[in-house]
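Q: First, the structure itself, so that you have it in front of you.
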Amino acid sequence: ENVSREDVVNAIVTHAQYMLERDVSDNKAIGAHGADDLLARHTHPDGVRVVTICNTGSLATAGWGTALGVARELQRRGKLRSIAALETRPYNQGSRLTAYEILTEHMPNPCLICDSMAASYIRAKGADACVVGADRVCANGDTANKIGTFQLSITAKEMGVDFFVASPFTTLDVELESGDMIEIEERPPGEMLDSSGAPKGMSCWNPAFDVTPADYITGIITEKGVLRKGADGKFDVKGFVAKHS
């Protein structure tokens, strides 16, 4: 069959527009499900105090966001009490991107903090939930995300703060039984050393991501709904995927 160049271009553009509309729709559904769950758990009249890491907003998606989309939906409902963004070293996606989005959206009581300040911030200022994104969610609920997410989850659990992962249904990978199967990219040392003021010749370990064990995660928010732990305290990711596929 003869297909013209115009036909090919139109098909590509049509599919791209479909992907754009679907991504925004899925992100908004993630935001709605996340906001519903958080507001059911936290009933302060002024809403929820959120902490996040990396960038998961409109700059990382087609125009709404996943984890930051949950905060955006809380704000839309008048129920976002405050939001703190970790700077997310060494690339500073939190300070360069998330902080920009927070200010652009005029989110209430915004605060940028160093990654190492999370525990002190939560103790001094208070937080109800950490909401983060994900690059991959394994069958047991272990989650890969930007480096620093794991330590934030430990802080949250120790301090009694909810820790939610917000990501598209497509990040649920039931072929990976656990986070031990995820290969973590290690970036060139210079990417950290050149921005840290370290002395020349200093050795460095620079992984781009880390894995948060399921034990530290309260729930996994997707556009299909919120995956919660069962009576056994474990996530049934395979069952959730089978139900919603």
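Q: Here are some residues: Ile102, Ile147, Ile182, Ile113. Which one is in contact with a Gly (Cβ under 9 Å, 6 or more places away or on another chain) and farther than 22 Å from Asp37 by Cβ?
A: On the way: Ile102 fails: farther than 22 Å from Asp37 by Cβ; Ile147 fails: in contact with a Gly (Cβ under 9 Å, 6 or more places away or on another chain); Ile182 fails: in contact with a Gly (Cβ under 9 Å, 6 or more places away or on another chain).
Matching residue, one of Ile102, Ile147, Ile182, Ile113: Ile113.
Q: Also, quick follow-up: Whether any residue in segment 234-245 is more than 18 Å from Cys138 (Cβ to Cβ), in a loop (DSSP other than H, G, I, E, B), open to solvent by 60 Å² or more (accessible area, probe 1.4 Å) and touching a strand residue (DSSP E or B) at 6+ places or on another chain (Cβ under 9 Å) is what I want to check.
A: Restricting attention to segment 234-245, the residues satisfying the condition of being more than 18 Å from Cys138 (Cβ to Cβ) are none.
There is no residue in segment 234-245 that is more than 18 Å from Cys138 (Cβ to Cβ), in a loop (DSSP other than H, G, I, E, B), open to solvent by 60 Å² or more (accessible area, probe 1.4 Å) and touching a strand residue (DSSP E or B) at 6+ places or on another chain (Cβ under 9 Å).
Q: Six or more apart or on different chains, Cβ under 9 Å: which pairs go from a residue in segment 171-200 that's in contact (Cβ under 8 Å) with a residue 12 or more places away in the chain and farther than 15 Å from Asn145 by Cβ to one that's loosely packed, with under 14 Cβ neighbours inside 10 Å and aromatic (Phe, Trp, Tyr)? Could you list them?
A: That search, which allows pairs on different chains as well, returns Glu186/Trp205; Pro189/Trp205; Met192/Trp205.
Q: Also, quick follow-up: How many residues are under 20 Å from the mean Cα position of the chain (by Cα) and farther than 17 Å from Gly65 by Cα when one looks only at segment 11-36?
A: Selection size over segment 11-36: 0.
Q: Which of the following residues is touching a Ser or Thr at 6+ places or on another chain (Cβ under 9 Å) and within 30 Å of Gly225 (Cα to Cα): Leu172, Leu176?
A: On the way: Leu176 fails: touching a Ser or Thr at 6+ places or on another chain (Cβ under 9 Å).
Exactly one of Leu172, Leu176 is touching a Ser or Thr at 6+ places or on another chain (Cβ under 9 Å) and within 30 Å of Gly225 (Cα to Cα), namely Leu172.
Q: Has segment 163-184 got any residue that is under 22 Å from Asp26 (Cβ atoms), among the acidic types (Asp, Glu) and touching a strand residue (DSSP E or B) at 6+ places or on another chain (Cβ under 8 Å)?
A: yes
Q: In segment 46-96, how many residues are of a type in the set (Gly, Ala, Ser) and under 27 Å from Glu21 (Cα atoms)?
A: Of all residues in segment 46-96, those of a type in the set (Gly, Ala, Ser) come to 47, 57-58, 60, 62-63, 65, 67, 69, 71, 78, 82, 84-85, 94-95.
Of the ones still in play, those that are also under 27 Å from Glu21 (Cα atoms) are 57-58, 60, 62-63, 65, 67, 69, 71, 78, 94.
Matching residues across segment 46-96 total 11.
Q: Could you check how many residues of segment 1-22 are among the aliphatic types (A, V, I, L, M), open to solvent by 80 Å² or more (accessible area, probe 1.4 Å), in a helix (DSSP H, G or I) and without any contact (Cβ under 8 Å) to a residue 40 or more places away in the chain? Write out each step before concluding.
A: Taking segment 1-22 first, the residues among the aliphatic types (A, V, I, L, M) are 3, 8-9, 11-13, 16, 19-20.
Imposing the further condition that a residue be open to solvent by 80 Å² or more (accessible area, probe 1.4 Å) reduces the set to 3, 12, 19-20.
Add one more test, that the residue is in a helix (DSSP H, G or I), and what stays is 12, 19-20.
Then drop every residue that is not without any contact (Cβ under 8 Å) to a residue 40 or more places away in the chain, which leaves 12.
So the answer is 1.
Q: Identify the single condition in (1) at pLDDT 95 or above; (2) open to solvent by 50 Å² or more (accessible area, probe 1.4 Å); (3) in a helix (DSSP H, G or I) that Ser25 does not satisfy, given that it satisfies every other one.
A: So the condition that Ser25 fails would be (1).
Let's see how each residue does on (1) within 21 Å of Phe209 (Cα to Cα); (2) of a type outside the set (Phe, Trp, Tyr):
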residue	(1), (2)
Tyr100	no, no
Ala118	yes, yes
Lys125	no, yes
Val131	yes, yes
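Q: Are any residues in segment 204-223 of a type in the set (Ser, Thr, Tyr) and either without any contact (Cβ under 8 Å) to a residue 40 or more places away in the chain or under 14 Å from Thr171 (Cβ atoms) (or both), and if so, which ones? Steps first, answer last, please.
A: To start, the set of residues in segment 204-223 that are of a type in the set (Ser, Thr, Tyr) comprises 212, 216, 218, 222.
Across segment 204-223, the qualifying residues are Thr212, Thr222.
The values are calculated or read from the model by the stated rules, or taken from the named source; none is laboratory data. These figures come from a predicted structure and were not determined experimentally. Using ideal geometry, Cβ is built from the backbone for each residue, glycine included, and neighbour counts are taken over all protein chains shown. Note: accessible area is taken over every heavy atom of the protein model, side chains too, but ligands, DNA and RNA are not part of it. Shrake-Rupley method; radii C 1.70, N 1.55, O 1.52, S 1.80 Å.
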